[in-house]
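The structure under discussion appears below in the form of C-alpha cells.
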Amino acid sequence: MKNTALHPNDGKLALAHIAVGYIALFLGAIAGLLQAFVRSGTLELPAGIGYYQLLTAHGVLLALVFTTFFIIGFLYASMSRTTGDLTPFAKKAGWIGFWLMTIGTAITTVMILLNKATVLYTFYAPLKASPWFYIGLTLVVVGSWVSGAGMFSQYAVWKKKNEGKPSPLLSFMAVATMILWIIATLGVAVTVLFQFIPWSFGLVDKINVLLSRTLFWYFGHPLVYFWLLPAYMCWYVIIPKIIGGKIFSDSLARLAFVLFVLFSIPVGFHHQILESGITPFWKFLQIVLTFMVIVPSLMTAFALFATFEISGREKGASGLFGWVKKLPWTDVRFFAPFMGMLVFIPGGAGGIINASNQMNQVVHNTLWVTGHFHLTVATTVALTFFGISYWLVPHLTGRTLTPRLNKLGIIQTVFWCIGMFLMSGAMHTVGLFGAPRRTAYTTYGDHPQALEWMSYQTIMAVGGAILFVAILMILYIVINLAVAAPKGTEEFPVGEVHEDAEKTPLLLENWKIWIGLSVVLIVIAYTVPVIDIIENAPSSPGFKFW
C-alpha cells in the first residue's frame, strides 16, 4: 500500500486526542509516584492530600483517560490512512466526540482534585462521589460513542464504494475495537445513568450494590481488550512493515478480532468470584467463556512469531533461532512494542491465575492483582502505544524520528522494563504473602507479617521512581517529535499480506452475524443472574469516608 500522508484536518483530529492522552499520562504518573512513596512509608502527603484521592486520580487518568484518548486518536488515523480522507460526517463526529470527552475528563478530574470523588477508578458503591464525577464519566463515554459513529460511517462509505472486497485490515480492526467498546460501555452507562446519578443527587435513598458492581464488571473486563486490541493492530499490521516482512495471515487476524468481540464481554463474573449473591453455576459459565479468550491470544502469538521467523528466513537466517538476529533491535518502533509482547507472556499467565476459581482464592484483593494489570495495561499496552507514538506523532506533524530520539526511545524502553520488573515483581511477590491492595502505608500495629512486607514495598517505590523517569523521557520525546524534530516525512507503516496467505473470506466482515452472536452470549450469561440480583440483592445508603 502506498504511504500517503493523512489529510491535515484528519491529522489534527488524531493529534488532539493523543495530546490529551499524554497530558493525562503525566498527571496520572505524578499521582502514581506519590502513591508508591506513601505506600513504602517514606513520604507523608502535605496539604491534606489523601492517599485514596491519589489512587483515584492515578486509576482514572491512566486506565481510562490516557488509553481512551490515545486509542481513538490512533483508530481515526488508521482509518484515514487506509480508507482515504475522512468524510465530513466522520470528521464532525470525531471533533464532537473529542470535546465531549475532554469536557467530561475535566469535570471528573476537578471533582477528584477537590476530594469529592475519592471512590477509586472502579467507583464501587456504596462509596458515594459528587454527582458531577458521574456526569463527567458519562460525557467521556457518550463522546466515545459519537466518535465511534464517525468511524462506522467512514467504514460504511468505503464498503459501499468497494462492494465485494474485504475492507483494509487496519480499518476492520478499528471497527471491531469500537464495536467491542460500545457494547461493553452499555453496562457502565446503565449503572451510571440509572443508579449512580439519581442516587448521588439524592433522588433515591439507596443503591443496589451488587447490581452496580455486576454492571461495572460487564464493562470492566472487556475494557482490558479495548486497551489490547489497538496494541494487536500494531503487532499484526504495523510491525511486519517495520521489520521488512509481511502479514502472516489477514484472515487469521480478522478471526482473532471477531473472537475477541464474542468472548471478551460475557465474562465479568470472573472478577466477582468471591461475591456473594451470584450462584456458582453462573460464575462457572462466565469463567469458561473467559478461558475462550485465550484462543485468539494464542492465535495472535502464533501469527506474530510466524511473521518474525518467515521474515528472518527470507533474509537468509538459518538454524532454529537464526531469525532472531534479523530483527531490527535498534529500531525503537519495533523494540518498544516487542518488549510489550514479551511482557504479555507472564501478564497473560497471571490472568489465567486470576480467572481460576481455586487460585483466585489465594490472590484475590492482594497486591498480586495490582502487579498483574501493571504488566498488561501499564507495560504491554503502554509500551506498544509508545512504539506507535515514535512514528505516528512525527507523521501527523510533518517531522521525522531522528537517530538521537530513536536511541533515547530505546533507553526509555529499557528504563520502563527495569522499573516495571522491580515494581510489578515486588507486587506479585508480596501479594502472595498476603499484602492487600488499595491500602495506604500501615504496619497493622507492627504485626510481624505486615513488617515482612515493608522491604517489598520499598522495592515498589524504587521501581515506581524509575518508571516516572521513563515517563518524563517519553514526554520529552513526544514533545520533540511534535514541535522540535526536523521537518520531513515519517512513514505510516502498513504491512502487506504475505502472498502465500489464504484468501480472506467475506463472512468475517458480516457484522450482523458477529454482533448477533455476541448479544446471544451476553443474554445467556447475564439475563438470569441479573434478574435475580434485581429481585433479591439488598440496597444500601451512600457512605463517604474521606
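Where a number appears in this text, it was derived from the coordinates with a stated rule and is not lab data. Keep in mind that what you see is a predicted model, and the values were worked out from it rather than measured. All Cβ positions, even for glycine, are placed from backbone atoms using ideal geometry, and neighbour counts span all protein chains on display.
Structure above, values below:
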| item | result |
| --- | --- |
| Cα centroid separation - region 224-251 against region 318-352, whole Å | 13 Å |
| Where the Cα pairs of region 242-297 fall when distances are cut into 5 Å bins, in % | 4, 19, 21, 15, 13, 10, 7, 6, 4, 2, 1 |
| Calculated over region 213-350: convex hull of Cα atoms, volume per residue (Å³) | 108 Å³ |
| For residue 480, net neighbour charge (Lys/Arg +1, Asp/Glu -1) across residues whose Cβ lies under 15 Å away | +3 |
| Farthest positive-ward along region 433-546 dipole, Cα basis, beta-carbon charges - from 436, 467, 522 | 436 |
| Positive-end residue of 118, 260, 235, charge dipole of region 8-540 with Cβ unit charges | 235 |
| Peptides ranked, highest mean first, by Cβ atoms within 10 Å: ranges 469-480, 280-291, 355-366, 134-145 | 134-145, 469-480, 280-291, 355-366 |
| Region 317-469: equivalent-ellipsoid semi-axes (sqrt of 5 x gyration tensor eigenvalues, Cα, Å) | 35, 19, 13 |
| Karplus (6.51, -1.76, 1.60) ³J(HN,Hα), θ = phi - 60°, over region 311-327, in Hz, Gly and Pro reported as x | 4, x, 6, 5, 9, x, 5, 9, x, 5, 10, x, 5, 4, 5, 8, 6 |
| Descending Cα extents along the principal axes, region 93-213, whole Å | 55, 28, 22 |
| Kirkwood Rh in Å, taken over region 1-127 so that all alpha-carbon pairs contribute | 16.2 Å |
| Dipole magnitude of the chain, debye to nearest 20 (Cβ charges: Lys/Arg +1, Asp/Glu -1, about Cα centre) | 900 debye |
| Under the Karplus curve 6.51 cos²θ - 1.76 cosθ + 1.60, θ = phi - 60°, whole-Hz ³J(HN,Hα) for region 147-162, x wherever Gly or Pro sits | 4, x, 4, x, 5, 4, 5, 4, 5, 5, 4, 5, 4, 5, 7, 10 |
| Positive-pole candidate from 249, 201, 219, dipole of region 185-276, charges at beta carbon | 249 |
| Radius 11 Å from Cβ of residue 501, net charge of other residues (Lys, Arg +1; Asp, Glu -1) | -3 |
| Alpha carbon centroid spacing (whole Å) that separates region 170-192 from region 411-470 | 33 Å |
| Pairwise Cα inverse-distance average, inverted: Kirkwood Rh of region 8-540 (Å) | 23.8 Å |
| log10 of Debye I(q)/I(0), alpha-carbon scatterers only, for region 384-428 at 0.21, 0.23, 0.29, 0.30 Å⁻¹ | -0.73, -0.80, -1.01, -1.04 |
| Calculated [θ] (222 nm, deg cm²/dmol) that DSSP helices of n ≥ 4 give over the chain, each run adding -39,500 (n - 2.57) | -23000 deg cm²/dmol |
| Alpha carbon centroid spacing (whole Å) that separates region 121-150 from region 257-314 | 26 Å |
| Kirkwood hydrodynamic radius of region 268-332, Cα pairs, Å | 15.0 Å |
| Fraction of the pair-distance distribution of region 62-126 above 19 Å, Cα-Cα pairs, percent | 46 percent |
| Segment residue 203-residue 465, extension gain: residue separation times 0.36 nm, minus the distance between their alpha carbons | 89.9 nm |
| Only Lys, Arg (+1) and Asp, Glu (-1) charged, at Cβ; region 201-336 dipole about Cα centre in debye | 340 debye |
